[in-house]
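Participant: Take a look at the following structure, please.
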Amino acid sequence: MKTLREITLAALAALLLAGCTVPVAESVPPTIGPLGLEQVPWEGGPEYWKQFAKADAAGWDEPEFFPIVAWYNGVSNQEEIDFDKELGINTYIGMPATFESSWLNDNDMYWIGGAINDTFNEKTPSWVGYILDDEVDGRFEPEAGRKHLSEISSEVPDGLFKYANYTYMVLENDLKASDSEQYVNDFTDVVSVDKYWYTIPHCSAEPYRDVSLVPIKQESCRSASSYGQTMDALRQRDTVDGKLQPLWQFVENMGGSDKESTFSEYITPNQLRGAVMNSVIHEARGIVYFNQALSGPCQGGNVFRMAQVHVGYCGEEQVDAARIVNNQIHQLASVLNTQSLAFELNPEVDTMLKVHDGYAYVFAMTAPEKSSGDSEMKLPEGISGTTVEVLFEDRKIPVNNGTFRDSFQHEYTYHVYKVKL
């Protein structure tokens, strides 16, 4: 079954017309890219950031840049900045009032928020965006929520992009579709939704109830694929007005439960990496880490910092997993910042295909319907390479008659393949 990433904007508009209360704007015809394949609709990649003076000047429009955000952190010295950079973090949301903008300016790090003290002003190069609010859809009735966001939006300084995060309610059918669509489309230049599939009780509820815009089956609910399906649903909402914006994904670096009564377990290191990569496969343009552990035996308000300052910290393996996948993303940023091609290598494998600098890149995980096992993948016509390099794994796979085979040991297993055109 094709994912939303493999549906052209024209086809997606037709799909949405059947179920949405807000009319869909006239869609853009599909474009043909490398290998003669249709390109997956996107917001424009790095070029998107050129319309915002601060992000453009800061280099967000460079192909090598990919935003990875720490949600509520604390920095008080250069060592802490260095630690965060080693983790692959380049952007912050949420800082104490003592935080000085010079720590960002001197280290190519960035801030999304308000002016938290007098070191932040219109000339601060690291101040690129403004967060309107968090989870407004879960705290206000829709009309009041829209009024609240409009008021905040009108006060955003010139040159900054506007960002908001919502609850998963905007991707469910309990909330009126037009309300969800207005939340996603009417206020922001970047948008995200938080749903911590691995660590919240929803997936284990009996009876299980799912009202997701993109259905999540209980047997595959607590898996990396659910994070990707969240991106698909958010893209459905985002497409309704005929314009696209970058979609970011929230991933917990420990847990998403905020009450002891609902705590079951923390995300494992492999699950964390899988959740991030599945989000990227489903066209996430940024990753935001929920950087708090609010329940369970390993609680803390700043998971990343606790891993730095406490020897033997109980979340150090999760933090190291974040470092690994973040830096893989940064190494591949110039590839990720190209427009994807619509092609299905195998219906049981969830893939993203890109072409860059004379090579095809395939990012692959198992689809929700298949949790593990061997899979054969058929490459598109026009690829001449006889071997596929598996990046970050120090191995190669032969290509026979345009196909290659590989194994996915777990639902969170991912592979990145590189093959010469």
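The values are calculated or read from the model by the stated rules, or taken from the named source; none is laboratory data. None of these values were measured; they are calculated from a predicted model. Ideal geometry is used to build each Cβ from the backbone, glycine not excepted, and the neighbour counts take in all protein chains shown.
Participant: Starting from segment 77-91, keep only residues that are closer than 15 Å to I287 by Cα and basic (K, R), then list their pairs with residues that are modelled with pLDDT of 95 or more and assigned to a loop (DSSP other than H, G, I, E, B) whose Cβ atoms are within a distance under 9 Å, requiring at least 6 positions of separation or different chains.
Facilitator: Cβ pairs passing all conditions: K85/N107; K85/D108; K85/M109.
Participant: Test each condition in (1) in a loop (DSSP other than H, G, I, E, B); (2) within 20 Å of V335 (Cα to Cα) for V419 and report the one that comes out false.
Facilitator: All conditions are met except number (1).
Participant: Another question, then. Identify, please: which residue in segment 343-361 is free of Cβ contacts under 8 Å to residues at least 40 places away in the same chain and assigned to a strand (DSSP E or B) and is, among those, farthest from D61 (Cα to Cα)?
Facilitator: The selected residue is K354.
Participant: Looking for something at pLDDT 95 or above, under 26 Å from P269 (Cα atoms) and not in a loop (DSSP other than H, G, I, E, B) - is there at least one such residue anywhere in segment 167-176?
Facilitator: yes
Participant: Then there is this: Could you tell me whether E265 is within 17 Å of E135 (Cβ to Cβ) and out of contact with any helix residue (DSSP H, G or I) (no Cβ under 7 Å at 6 or more places or on another chain)?
Facilitator: No; evaluated as a whole, the condition is false for this residue.
Participant: Can you name every residue in segment 158-200 that is surrounded by fewer than 16 Cβ atoms within 10 Å (Cβ to Cβ) and free of Cβ contacts under 8 Å to residues at least 40 places away in the same chain?
Facilitator: Correct list: D174 only.
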